[in-house]
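The values are calculated or read from the model by the stated rules, or taken from the named source; none is laboratory data. Quick caveat: nothing in here was measured; it's all calculated off a predicted structure. With ideal geometry, Cβ positions are generated from the backbone for all residues, glycine too; neighbour counts draw on all protein chains shown. Protein only, heavy atoms only, side chains kept; ligands, DNA and RNA dropped before computing areas. Shrake-Rupley method; radii C 1.70, N 1.55, O 1.52, S 1.80 Å.
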Amino acid sequence: MLDGVSLDQLRTFIAAADEGSFSAAGRRLRRAQSVVSQVLAKLEGQLGVKLFDRSARFPVLTNQGRALLANARAVAGDVDLFKARAKRLAGGLEPELSVAVDVMFPLAPFTAAVAAFQKEFPATLLKFDIESSAVVEPVLDGGCAIGVWGIGSWSVVPPQLTHQQLLTVRTSMVASPQHPLARYGATVPTSVFADHIQLVHSDLANLSRGAFGVLSQRVWRLSHLGAKLAFLRAGLGFGAMPLHLVEADLASGALVQIAAEDAPPGGHTITMSAIYRADSPPGPAGRWFIERLKQEDVQPPKLKASRPAAISAPSGRRLSSIRSLASRGRRR
């Protein structure tokens, strides 16, 4: 008998419980009160459980009815989700969206996009990897539908890929204030960098970023930005970092900005772009996600660059004494 329980019966049960009367449930379902009563009586017979106490003027849920109401709601909700997902899939919606994300991409707009995506496309499973900057290969081999990649003048985009600009990330050369380069102030002679260790974020991927902005032959390569940041704070070398990742360190003085003589004002920029195979463009969910990732450029923090230590100026009293001594010296 239980196999014969229908979704229509469950919806009628839910409506009667919500409305508090069979007549109100009939109006909600656009049915006669007698039809509602018959449906519920048949359901009770199939379940072998009394759902409503009809002894009073208005029907009241029994203890068994209250216990089963939550299950009825869950079943009806699952069916609605099933139907909605089937409708979207029939319209070309991806059942799953996989994204490979370059570690250079700011987390704030990405997190906001993921949260919005979960609400907009609850039926699509979102999978992403933000641990590695190896973005190009998984997109080329079909492992990921979309890549979020930092493209610069040194990058070579494979012809199989289409790219769409999202935002730009500004970078700057930084070092610990105790590092020897910090003594030069904001601008460091280019020849001086060769004498110091440069920390470079290396990409294990063959088709991603190459050697960018290498100023020294003494290079330590780190594939983890967190390790690179720790080395910079410890004064073990100098290196370029996205400004949004070191803003707090620059504000606190844990790191200082430095630049080569020929560096562009405001530092270098990396264009973060969405990439995907030209022969396999993203569906509705993927296109929506790409549009959601488009944000205003990440602006560099307004921070004071490091300056070499200056000789303190004499106080007013001391300056008067110096002038008096100089005057006496001239009179002699």
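Along the axis of the charge dipole computed for region 1-119 (Cβ charges of +1 for Lys and Arg, -1 for Asp and Glu, origin at the Cα centre), the listed residues L97, V75, T111 are led at the positive end by V75. Where in region 224-267 does the amide nitrogen come within less than 16 Å of the point 7 Å from the Cα of L107, taken along Cα to Cβ? Only 224-230, 242-249 pass the distance filter.
Computed over protein heavy atoms with a 1.4 Å probe, the accessible surface of region 1-132 works out to 58 Å² per residue. For chymotrypsin sites (Phe, Trp or Tyr not before Pro), the sites in region 110-183 that DSSP calls loop and that have at most 13 other Cβ atoms within 10 Å are W154.
Leaving ligands, DNA and RNA out of it, report the carbon-plus-sulfur percent of the accessible area of region 1-141 at a 1.4 Å probe.
Numbers: 4500 of 7950 Å².
Reported share for carbon and sulfur atoms: 57 percent.
Cα centroid separation, region 1-59 to region 120-151: 49 Å. About the centre of its Cα atoms, region 218-280 shows a dipole size close to 300 debye [charges on the beta carbon of Lys, Arg (+1) and Asp, Glu (-1) only; nearest 20 debye].
Distances between placed amide hydrogens fall under 5 Å for A240 paired with V174, all partners being 5 or more residues away or on another chain. The charge dipole of region 137-290, taken about its Cα centre with unit charges on the Cβ of Lys, Arg, Asp and Glu (plus for the first two, minus for the last two), comes to roughly 160 debye.
Protection proxy ranking of 252-262, 13-23, by the mean of other Cβ atoms within 10 Å over each peptide's residues and highest first, is 13-23, 252-262.
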